[in-house]
Amino acid sequence: MDFISKVFELFSTEKYMDMIFKGLGTTLSITVVATIIGLVLGVIVAFVSIAPKSKVMSVFKAICKVYVTIIRGTPMALQLFIMAYVVFAIRGFPKFLTASIAFGINSGAYVAENIRAGILSVDIGQTEAGRALGLPYKATMLKIVIPQAIKNVIPAIGNELIALIKETSIVSMIGMYDLTNASKIIGSGNNMASYIVPMTVVALFYLAIVYLLTFVIKIIEKKLRASDRR
Amino acid sequence: MENRETILSVRGLKKSFDKLEVLRGIDLDVKEGEKIAIIGPSGCGKSTFLRCLNCMEDPTGGSIIFDGVDIADTKVDINIHRENIGMVFQQFNLFNNKTIIENIMLAPVYVQLKKLKKSKAYNRRIKISNLFRKAEDKKQPAIITETKKSIIKNAREQAERLLKQIGLEDKANVYPSTLSGGQKQRIAIIRALAMNPKVMLFDEPTSALDPEMVGEVLNLIKAVADEGMTMLIVTHEMGFAREVATRVLFMEEGKIAEEGTPTELFDNPKNPRTVQFLKAVL
Ligand SMILES: Nc1ncnc2c1ncn2[C@@H]1O[C@H](COP(=O)(O)OP(=O)(O)OP(=O)(O)O)[C@@H](O)[C@H]1O
Ligand SMILES: [Mg+2]
């Protein structure tokens, strides 16, 4: 009973709701900005790493390989610390940007791998048939390979986005005020005097967002599949 | 056949994959209208040879003269030449994300739109540079009769005509996944024909087919051959090679070990390796 009345108290106290929504705002905006950075980076890196070999390309290919290896081989929290305390250790530099860039760069490596795998999963015969007809590499990619790869890539990128939202919860480690941190601060306040209540509520917020996203991705997937009327 | 024009001339063609030497010097002249069957044991380099002819694999040595140009030279724009060299694969390789008619129209439309764009750009340049020329020096712009619309319309009509010829006009708007293997391969053949190639390359066009579908594909190839198309066919169908080919090449270990008319090669082989191979497959 006590738990329910406390949940009620939390939802009816303006101060608490403000804190939760402020945290939610931080979580969502980091996620959105990081996703955009991640997608742009991921697409570039993926296309560099599958491009035909040439002298100039091999330099870029090497850079991309190092980037993906480092990002995937080190913990996210460490990458965030390096951004916050080394790269952007500038007084007054907005933490929001630090976090968005850190997560964007991290996400880019995973997105790149997803896109690369998606493109490689398209049968090489599709490319060969296009090239044999006289289509240049770029046209073959754009008209034949990428449309087929997208079906494989969208779900993977959706999962990456979901993972990203949850992962942003570590920004409290660099003193940011996100949804997760809001639950801790509300819980430690004298009036609430309970961690379990705000944390459960915040958990429900995360669950709702993830559920919504999963739903949207399913719809997009269905739309994509419908386009090839099997 | 002697006084026909040579359209493909291969000299000392070599291909290695890293250390593995697959083609070890191949010489071949292909005359217009010839139908050349290529036979030989598995792994002797038949596919590699065919794939070198349109540079799907870049040769590591030798030359391939086509249309007066050495296409083995990596500096030439291979795409222009590939438009004139049709290729049919063992695995059909129809574009899965395109309907049948889109499969057939894609390359012809793309190539012609590209040419249209080029002539338009050329005319724009002429127009500007003519401003600075005296009246008698003014250059004539290129005559453009096509529009984007007419290109697409013509390609569609051609595709429909080709589909009708093979009796698959009702499949125009379905996706490849709904077709049988034999149907897919016949579409792949007319897709290549839609580019009006000068040569067609077939790499075991019936090897991935169920036995009951081999006939329909061979019949189509035969029909294309009868129209005078120059072709090179890698095949294990000896009966078909004997019937359609004007010349048969027996390849072994990256070289042409023996060649001749079907009668010469099948009935009176000279090379003991040819004898051995024919004994095993016939
Ligand atoms: N991309 C490649 N990389 C490395 N080795 C290759 C490659 N393609 C072919 N080879 C090798 O080259 C040799 C000749 O292969 P190829 O496919 O030309 O033979 P084939 O005569 O067509 O055989 P089959 O009758 O089985 O189709 C084989 O040993 C093969 O393993
Ligand atoms: Mg082969």
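The values are calculated or read from the model by the stated rules, or taken from the named source; none is laboratory data. In this text the structure is predicted, and so the values were computed from the model without any measurement. Because the Cβ atoms are built from the backbone with ideal geometry, glycine has one as well, and the counts that use them run over all protein chains shown. Side chains included, ligands, DNA and RNA excluded: accessible areas come from the protein's heavy atoms. Shrake-Rupley method; radii C 1.70, N 1.55, O 1.52, S 1.80 Å.
If I model a spin label as a point 7 Å beyond the Cα along the Cα-Cβ vector, how far apart are those points for B:Ala280 and B:Ala208 in nm? In this crude label model, B:Ala280 to B:Ala208 measures out at 2.5 nm. A probe of 1.4 angstrom, applied to the heavy atoms of all protein chains, finds B:Ile256 with accessible area near 40 square angstrom.
R0 = 41 Å: FRET efficiency of A:Met17 with A:Val43, Cβ-based, nearest 0.05? Efficiency at R0 = 41 Å is approximately 0.60. Leaving ligands and nucleic acids aside, the A/B contact buries around 2000 square angstrom of accessible area in total at a 1.4 Å probe radius. With all protein chains in place and ligands, DNA and RNA left out, the 1.4 Å accessible area ranks B:Ser180, A:Ser54, A:Ser12, A:Ser107 as A:Ser12, A:Ser54, B:Ser180, A:Ser107, largest first. Is the C-alpha gyration tensor of the stretch B:34-100 telling us rounded, prolate or oblate? Criteria: a/c under 1.5 is rounded; beyond that, a/b larger than b/c is prolate, otherwise oblate. Taking the square roots of the gyration eigenvalues as a ≥ b ≥ c, the stretch B:34-100 is oblate.
Full extension of the chain between B:Lys153 and B:Ser42 yields a length gain of 35.6 nm, computed as 0.36 nm times the residue separation minus the alpha carbon distance.
Taking square-rooted eigenvalues a ≥ b ≥ c of the alpha carbon gyration tensor, is the protein assembly as shown rounded, prolate or oblate, where a/c under 1.5 means rounded and, failing that, a/b exceeding b/c means prolate? Judged from the Cα gyration tensor, the protein assembly as shown comes out prolate (a/c at least 1.5, a/b above b/c). What's the angle, to the nearest 10 degrees (0 to 90), between helix A:55-73's Cα axis and the longest principal axis of chain A? Tilt of helix A:55-73: around 30 degrees. If both residues of a DSSP beta bridge must be in the protein assembly as shown, then about 55% of such bridges are antiparallel. Of the GluC sites (Glu not before Pro) found in the stretch B:220-263, those that fall in a DSSP loop while having at most 10 other beta-carbon atoms within 10 Å are B:Glu227.
Shown for the stretch A:125-146: residues covered by the partner protein chains by 20 Å² or more of accessible area relative to the chain by itself (probe radius 1.4 Å), namely A:Gly125, A:Gln126, A:Glu128, A:Ala129, A:Arg131, A:Ala132, A:Leu133, A:Gly134, A:Leu135, A:Pro136, A:Lys143, A:Ile144.
B:Arg133 contributes an accessible area of around 70 Å² to the protein surface, as traced by a 1.4 Å probe with all chains present. At a Förster distance of 30 Å, what's the computed FRET efficiency of A:Ala163 paired with A:Ala89, Cβ-Cβ distance as r, to 0.05? The calculated FRET efficiency here is 0.65. Shown is the FRET efficiency for B:Asp18 and A:Met199, computed with R0 = 56 Å from the Cβ-Cβ distance and rounded to the nearest 0.05: 0.45.
Think of the stretch B:173-278 as a dipole: +1 on every Lys or Arg Cβ, -1 on every Asp or Glu Cβ, centred on the Cα centre; then among B:Val214, B:Phe277, B:Ala194, B:Ala194 lies furthest on the positive end. Taking a ≥ b ≥ c as the square roots of the Cα gyration tensor eigenvalues, with a/c under 1.5 meaning rounded and otherwise prolate when a/b beats b/c, else oblate, which class fits the stretch A:2-228? Oblate, because a/c is 1.5 or more while a/b does not exceed b/c.
To the nearest 10, the accessible area of B:His236 is 90 Å² with a 1.4 Å probe. Computed per residue of the protein assembly as shown from DSSP H runs no shorter than four, each worth -39500 (n - 2.57), the mean residue ellipticity at 222 nm is -18500 deg cm²/dmol. For the stretch A:139-172, the residues whose backbone nitrogen is under 17 Å from a point 7 Å from the Cα of A:Arg225, taken along Cα to Cβ, are A:148-159.
Coordinate range of the alpha-carbon atoms in chain B per principal axis, descending: 74, 44, 40 Å. Remark: mean inter-chain Cβ contacts per residue of B:77-89 equal 3, using a 10 Å Cβ-Cβ cutoff to other protein chain atoms.
The label point for A:Val59 and the one for A:Ser121, both projected 7 Å from the Cα toward the Cβ, are 3.5 nm apart. Spin-label model, A:Leu142/B:Lys222: points 7 Å from Cα along the beta carbon direction are separated by 4.4 nm. Across the protein chains, with a 1.4 Å probe defining accessible surface, the residues A:Phe205, A:Phe3, A:Phe215 rank A:Phe215, A:Phe3, A:Phe205 from largest area downward.
Of all GluC sites (Glu not before Pro) in the stretch B:142-209, which ones are in loop regions per DSSP and have a Cβ with at most 15 other Cβ atoms within 10 Å?
Here the GluC sites (Glu not before Pro) that fit, given the DSSP loop and packing criteria, are B:Glu146.
The 3J(HN,Hα) values that the Karplus relation (6.51, -1.76, 1.60; θ = phi - 60°) gives for the stretch A:113-121 are, in residue order, 5, 5, 5, 4, 4, x, 6, 5, 6 Hz. Gly and Pro appear as x. Taken one residue at a time, the phi angles of the stretch B:162-171 give Karplus couplings (6.51, -1.76, 1.60, θ = phi - 60°) of 4, 4, 5, 4, 9, x, 10, 4, 6, 9 Hz. Gly and Pro are set to x.
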